[in-house]
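The values are calculated or read from the model by the stated rules, or taken from the named source; none is laboratory data. Predicted, not measured: the structure shown is a model, and the values here were computed from it. Using ideal geometry, Cβ is built from the backbone for each residue, glycine included, and neighbour counts are taken over all protein chains shown. Ligands, DNA and RNA are excluded from the accessible area calculation, which covers all protein heavy atoms including side chains. Shrake-Rupley method; radii C 1.70, N 1.55, O 1.52, S 1.80 Å.
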Amino acid sequence: MKNIYLNIYKPNNLNLRKAKQSINNNNIIVMPTETVYGLAGNAYSDKAVKKIFYFKKRPYFNPLIVHFNNLKDLKKDVIVNDMFIKLYKAFCPGPITFILNKNPMSKISNLVSANKNTIAVRIPKHYVASNLLKLLKVPLAAPSANISTKLSPTSALDVVDEFGSKIKFILDGGRCKVGIESTIIDLTGIPTILRHGSISQEKISKVLRKKIIINKKSKKIKSPGQLKLHYSPGIPVFMNKKRPKNNEAFIAFGKKIKSAKNIFNLSYDGNLNEVANNLYTTMRKIKQKGFNSISVCKIPNHGIGIAINERLKKAAYKWKK
Ligand code: TXA
Ligand code: MG
């Protein structure tokens, strides 16, 4: 099918060079990563970073993740430690973000880190993100390419669903493999998971051989984007349901689920990675189809299920009594 969206571009060499030019002119573009699509701009430029906050309607107190192509470049902006090196060797490039202390020599815009002395850094695995970063001389600040509090996009069309034609340049890297955002781990003190992801606490502690803390709701919010309504399809979401109410959409998985117009099966095989992969795009589809609410079956709370439940809890926040 011919692509009718004029702002979606194939990730060929010519278009990667166009993306590079755009970024060097302090404009923002959308790039695919293995987790979700990101709204990307030059992390060294206040002008570009301001545009990211503006398009995302993101409050300035909520800092952004900075994406690098390699360790050497990353070290220019953050101070690495032993824990980081171990995790880097085990999981990078990949769906994991590290909070590290800012290198005093760093040129990263203070807006990126909400004036904190720490920076969230990540080396993405997706070949398009990686090839684009290779072409550039600067790292890319890139939050998920959605309006603040909404669902992250996992395809180029999802990005169009979020922003219409407001974003002029979207690199199409197909459906994201993971489908939910990266694991975030704070390595500035005792290793602390700030956001669950496909790289689980278990996998991380195996590598570090150390106790890892999970950042529960604390008085001191380490990651401002962690709380309250988030990952929302814009309609009420209810968790741990056995069946839908009348006219409601129902998200479930496994072979036992009967098919019907309002039933959305995320994985016939009951594979939780597949559930994660289909979650956002299915919730988006349900909203587009005009359903007024979504009930979701119980998701087992292990492996990537922990990350899925974390997202659903926040998507359900506003409607929870
Ligand atoms: O998978 C991902 O991580 C995607 C792709 C595009 O890389 N990005 C993403 O970014 O999810 P974003 O901005 O939607 O989520 C970043 C989270 C926010 O909750 C933010 O508060 C937290 O990271 N964060 C960023 N810098 C931080 C810092 N210095 N300290 C603590 N939390 C930080
Ligand atoms: Mg986000």
> List pairs: first in the range 257-279 and of a type in the set (Lys, Arg), second exposed (fewer than 14 other Cβ atoms within 10 Å of the Cβ), Cβ under 9 Å, 6+ apart or cross-chain?
Replying inline: LYS261/LYS289
> List pairs: first in the range 148-170 and without any contact (Cβ under 8 Å) to a residue 60 or more places away in the chain, second open to solvent by less than 50 Å² (accessible area, probe 1.4 Å), Cβ under 7 Å, 6+ apart or cross-chain?
Replying inline: GLU162/ALA145; GLU162/ASN146; GLU162/ILE147; GLU162/PRO153
> What single numbered condition from (1) at pLDDT 95 or above; (2) of a type outside the set (D, E, K, R); (3) near ligand 1 (Cβ under 10 Å from one of its atoms); (4) under 28 Å from THR282 (Cβ atoms) fails to hold for SER148?
Replying inline: (1)
>> Which pairs turn up if I take residues in the range 75-93 that are under 21 Å from ALA43 (Cα atoms) and look for partners that are assigned to a helix (DSSP H, G or I) and open to solvent by less than 30 Å² (accessible area, probe 1.4 Å) with beta carbon separation below 7 Å, at least 6 apart in sequence or on another chain?
In response: PRO93/SER130
>> Tally up the residues in the range 151-176 that are farther than 18 Å from LEU279 by Cα and within 12 Å of ligand 1 (Cβ to nearest atom), please.
In response: 1
>> Restricting to the range 42-97, and then to whatever is hydroxyl-bearing (Ser, Thr, Tyr) and within 16 Å of ligand 2 (Cβ to nearest atom), can you tell me which residue is modelled with the lowest pLDDT?
In response: TYR60
>> Give me the residue from the range 144-164 that is open to solvent by 10 Å² or more (accessible area, probe 1.4 Å), within 13 Å of ligand 2 (Cβ to nearest atom) and part of a loop (DSSP other than H, G, I, E, B) and, out of that set, nearest to LYS314 (Cα to Cα).
In response: THR149
>> So for the range 189-211 (the condition being under 18 Å from ALA40 (Cα atoms) and either more than 14 Å from ligand 1 (Cβ to nearest atom) or acidic (Asp, Glu) (or both)), does at least one residue qualify?
In response: no
> If you go through the range 118-128 one residue at a time, do you hit one that is surrounded by 20 or more Cβ atoms within 10 Å (Cβ to Cβ), charged (D, E, K, R) and assigned to a strand (DSSP E or B)?
Replying inline: yes
> In the range 100-111, what residues are more than 16 Å from ILE184 (Cα to Cα) and either open to solvent by less than 100 Å² (accessible area, probe 1.4 Å) or touching a residue at least 40 places away in the same chain (Cβ under 8 Å) (or both)?
Replying inline: LYS102, ASN103, SER106, LYS107, ILE108, SER109, ASN110, LEU111
>> Residues to consider are LYS20, LYS47, LYS57; find the one that is closer than 26 Å to ASN277 by Cα and open to solvent by 50 Å² or more (accessible area, probe 1.4 Å).
In response: LYS57
>> Give me the residue from the range 177-188 that is part of a loop (DSSP other than H, G, I, E, B) and either acidic (Asp, Glu) or open to solvent by 10 Å² or more (accessible area, probe 1.4 Å) (or both) and, out of that set, nearest to ligand 1 (Cβ to nearest atom).
In response: GLU181
